[in-house]
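Data first, discussion second: the structure below is written as structure tokens.
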Amino acid sequence: MKKVNLVLVLAAFSVLAFGFVKFQSGPAVGTAIGNKAPELKFKNPKDKEISLSSLKGKIVLLDFWASWCGPCRMENPNVVAAYNKYKDAKFKTAKGFTVMSVSLDQKKEAWMAAIEKDGLLWENHMSDLGGWNSQPAAIYGVQSIPAPFLLDENGIIIAKGNELRGGGLEAALDKLLKDSK
């Protein structure tokens, strides 16, 4: 009788314990390499809400920057060159490359003028115009810019930070190409 009661108690405990545990399928959401990138959903310069998740299926450079940031503006030609070179590239598991630019500007006019002047041709620009109090920057823990994050086709962070500046972005993208060894 004691064995039956022990088995019942253990069975009940297991059901309760596993009933309260939420199993996570896939990687944790966060900003470390290997994490699923946190979702962002903010307005573009035309006041239309856009989301990071809408780019699923493509390799994405999530690029935090601002019009007033000298190093960001100096990095923009490298980002434009990579975009032009890889936007239609055949990757091992992704359909093309794009950029999601997240501005830490506070003035919409300055943000839009910098997009135009620097030739940031992609459609994916977002900002809450919060400057350093920007919600997207807070979500990603951004404390300095430029702050790039490279995401795979499933929104997993595969590279970030200074390794993606200069020629680093193109080097990282080259490794993901279908014909890459």
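Please treat every number below as a calculation from the coordinates, not as lab data. All values reported here derive from a predicted model rather than from experimental measurement. With ideal geometry, Cβ positions are generated from the backbone for all residues, glycine too; neighbour counts draw on all protein chains shown.
Exposure proxy for 103, 67, 127: other Cβ atoms within 10 Å of each Cβ, ordered fewest to most, give 67, 127, 103. Karplus-derived 3J(HN,Hα) values for segment 30-44, using 6.51 cos²θ - 1.76 cosθ + 1.60 with θ = phi - 60°, are x, 10, 7, 4, x, 7, 6, 5, x, 5, 10, 8, 9, 7, 8 Hz; glycine and proline are entered as x.
For the chain, what does -39500 (n - 2.57) per DSSP helix run (n ≥ 4), summed and divided by total residues, give at 222 nm, in deg cm²/dmol to the nearest 500? Numbers along the way, then the final one.
Details: 5 runs with 62 residues, N = 181.
Result for the chain, helices only: -10500 deg cm²/dmol.
For the pairs 56/107; 117/160; 56/95; 56/92; 92/175; 58/108, flag any whose C-alpha to C-alpha distance is greater than 20 Å. Over 20 Å Cα-Cα: 56/107; 117/160; 58/108.
Taking amide hydrogens as placed 1.01 Å from N in the peptide plane, the amide H of residue 159 sits under 5 Å from those of 150, each at least 5 positions away in sequence or on another chain.
Can you tell me how the chain classifies by the Cα gyration tensor, rounded, prolate or oblate, using a/c under 1.5 as the rounded cut? It comes out prolate by the Cα gyration axes. Taking the fewest neighbouring Cβ atoms within 10 Å as the starting point, the ordered list for 93, 98 is 93, 98.
Sort 74, 126, 100 by Cβ crowding within 10 Å, fewest neighbours at the top. Don't skip to the answer; put the middle values down first.
Numbers: 74 12, 126 21, 100 25.
If I rank by nearby Cβ atoms, fewest first, I get 74, 126, 100.
Annotation: amide H-H contacts under 5 Å for residue 50 (H modelled 1.01 Å from N, sequence separation of 5 or more, or interchain): 42, 43, 44. In terms of modelled amide H atoms, which long-range or inter-chain residues lie less than 5 Å from the amide H of residue 100? Hits under the 5 Å cutoff: 61, 62, 63.
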